[in-house]
Amino acid sequence: MDKLLLKRANIPRASRIEVARAHGAYEAVRLAFGMRPVDVIDEVKRSGLRGRGGAGFPTGVKWSFAAMDPKTPKYIICNADEGEPGTFKDRFILEGDPHLLIEGMLIAGYAIGAERGYLYLRGEYPAAAAILEDAIGQAYRAGFLGKNILGRGVSFDLSLHLGAGAYICGEETALIESLEGKRGQPRLRPPFPANAGAWGKPTVVNNVETLANVPGVLALGWEAYSKIGAEGSPGTKIFSVSGAVNRPGGYELPLGTTLRELIFAHCGGIRNNKKLKAIIPGGASTSMLTPEHLDVKMDFNSLLAAGSMLGSGAVIVMDEETCMVHATSVLARFFAHESCGKCTPCREGTGWLNQVYERMVRCDGRPGDVDALLAVCGKMKGKCFCPLGEGAIQPVLSSIRHFRADYEVCASKRCSGERCRGKVQVRQAAGAAPKSDLP
Ligand SMILES: Cc1cc2nc3c(=O)[nH]c(=O)nc-3n(C[C@H](O)[C@H](O)[C@H](O)COP(=O)(O)O)c2cc1C
Ligand code: SF4
């Protein structure tokens, strides 16, 4: 299959505009400028492209909301916060082919009538920051950014903005607050950013990978693009695969590729010939799956039907040696740390979940702990202000659902410490106050 997103990422010096242009960069801009903005939006709508940031919202539909809003100015924001554990897909584009992203942002700006774009980048990506800053400068000098682009009277300015390390700032309204210089906390929706986003103006927030798809949609045409991938999930996807596989990394494959093909054909199977135990298919906030789900297709609808979500497409693979209580405790600690504190169910709930996990992994579990975890999840479900809280309970609920036996062992102190770090923790616990040794 021809790659759409990583086609230049492995070409040496593809972040240089002359190299990127020699391999087709900015050709789709010419196609877009030859069309009316409304026709560009129509092309993206008909392609069926869905957002790659997690929610899978149809991109063309989002663009049309902002385009139709009479307020000006309008903004395009690229969400490059990429802060979820296991997710490192955008990085391949940001570092390997920044001009693909700039081109996608320029086309999006033209389509909705935005003359200003912001690239909100995860603060912990310093290499990407340097590459992007340089690429933006090159695009200005080559006349693809700034005033009167390609002599067509189109203007588009683009700035890089670095986040400061908060996962919640990947949520689009918290991102906008942060961009405006405020504390990064989510806003009440509606109104949605497409109508009242940055500085109250129509704003499209799109993920890196979503925007990087746009040049390909125009180059191929909506019909050919919509035939790639699965029904309801057209196109390709970069899956970032980590954990107990022989070849972890980023794989661009058509949506609808099965987990089995991804893990065994592309990633070389499970490390050290161990058995597969669990899979997180779409990033830390998606429900865990088991080996029984290996034939599930990696697309929006199939994963929903299997009880999980495509999310960011970050696949975390765990082998038979993994203690699921320990693995889930790492995620519980992440969510407790990253809860922004704005609403009580999430602020308190993630803290309580973390406390119960902490005592379980230091071999201090109690018989009622599993029920306590389920009760806290029940108090959070459907009651949190933004999706972070809802995401935080998915690994807990799914790991208890599929791997309750691990929990029972932990809670009843029958753990031998073979599979978790219990051994180390038991030693630490002897005498002194137990110290968590979570990584
Ligand atoms: C806690 C949280 C973190 C998020 N982090 C990201 C992120 O790092 N990158 C991203 O593109 N979307 C992230 N999202 C989703 C965004 O809110 C938004 O849906 C997305 O940027 C829209 O782009 P898309 O339509 O292209 O998918 C996050 C959502 C939540 C609730
Ligand atoms: S759900 Fe969590 S992250 Fe979202 S607003 Fe509430 S406290 Fe903040």
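The figures follow:
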{"quantity": "For region 46-159, size of Cβ-based charge dipole, Lys and Arg +1, Asp and Glu -1, in debye", "calculated": "540"}
{"quantity": "The chain - percent of accessible surface contributed by carbon and sulfur, probe 1.4 Å", "calculated": "53"}
{"quantity": "Cα→Cβ-extended label distance, 7 Å offset, between residue 38 and residue 265, nm", "calculated": "4.4"}
{"quantity": "Solvent-accessible area per residue, Å², over the chain with all protein chains present [probe radius 1.4 Å]", "calculated": "40"}
{"quantity": "Estimated FRET transfer efficiency when R0 is 60 angstrom, pair residue 115-residue 375 (beta carbons, to 0.05)", "calculated": "0.70"}
{"quantity": "Reachable lysines, given that their alpha-carbon falls under 27 Å from the alpha-carbon of residue 74 and they are not under 8 places away in the same chain", "calculated": "45, 62, 147, 182, 201"}
{"quantity": "Region 375-413 residues near the modelled residue 292 label - backbone nitrogen below 13 Å, point 7 Å along Cα→Cβ", "calculated": "401-404"}
{"quantity": "Modelled FRET efficiency - R0 45 Å, residue 408 with residue 150, Cβ distances, 0.05 increments", "calculated": "0.10"}
{"quantity": "Using θ = phi - 60° and Karplus 6.51 cos²θ - 1.76 cosθ + 1.60, couplings along region 108-118 (whole Hz; Gly, Pro as x)", "calculated": "4, x, 4, 5, 9, x, 9, 9, 9, x, 10"}
{"quantity": "Computed lengthening from residue 133 to residue 272, 0.36 nm per intervening residue step minus Cα-Cα distance", "calculated": "45.9 nm"}
{"quantity": "Karplus-derived HN-Hα couplings along region 173-190 (A = 6.51, B = -1.76, C = 1.60, θ = phi - 60°), whole Hz, x at Gly and Pro", "calculated": "7, 5, 4, 5, 4, 5, 4, 6, x, 9, 5, x, 10, x, 9, 5, 10, x"}
{"quantity": "Distance (nanometres) between label positions extended 7 Å along Cα→Cβ at residue 72 and residue 140", "calculated": "2.3"}
{"quantity": "Using alpha-carbon coordinates, inclination of helix 324-338 to the longest axis of the chain, degrees", "calculated": "50"}
{"quantity": "Region 1-79: trypsin sites (Lys or Arg not before Pro) falling in loop per DSSP and having at most 10 other Cβ within 10 Å", "calculated": "13"}
{"quantity": "Percentage relative contact order, the chain, counting C-alpha pairs under 8 Å, at least six apart", "calculated": "15"}
{"quantity": "Along the chain, longest interval not containing exposed GluC sites (Glu not before Pro), exposed being DSSP loop plus at most 16 other Cβ atoms within 10 Å", "calculated": "1-114"}
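The values are calculated or read from the model by the stated rules, or taken from the named source; none is laboratory data. The structure displayed is predicted, hence computed values, not measured ones. Because the Cβ atoms are built from the backbone with ideal geometry, glycine has one as well, and the counts that use them run over all protein chains shown. We work out accessible area using only protein heavy atoms, side chains counted, and drop any ligands, DNA or RNA first. Shrake-Rupley method; radii C 1.70, N 1.55, O 1.52, S 1.80 Å.
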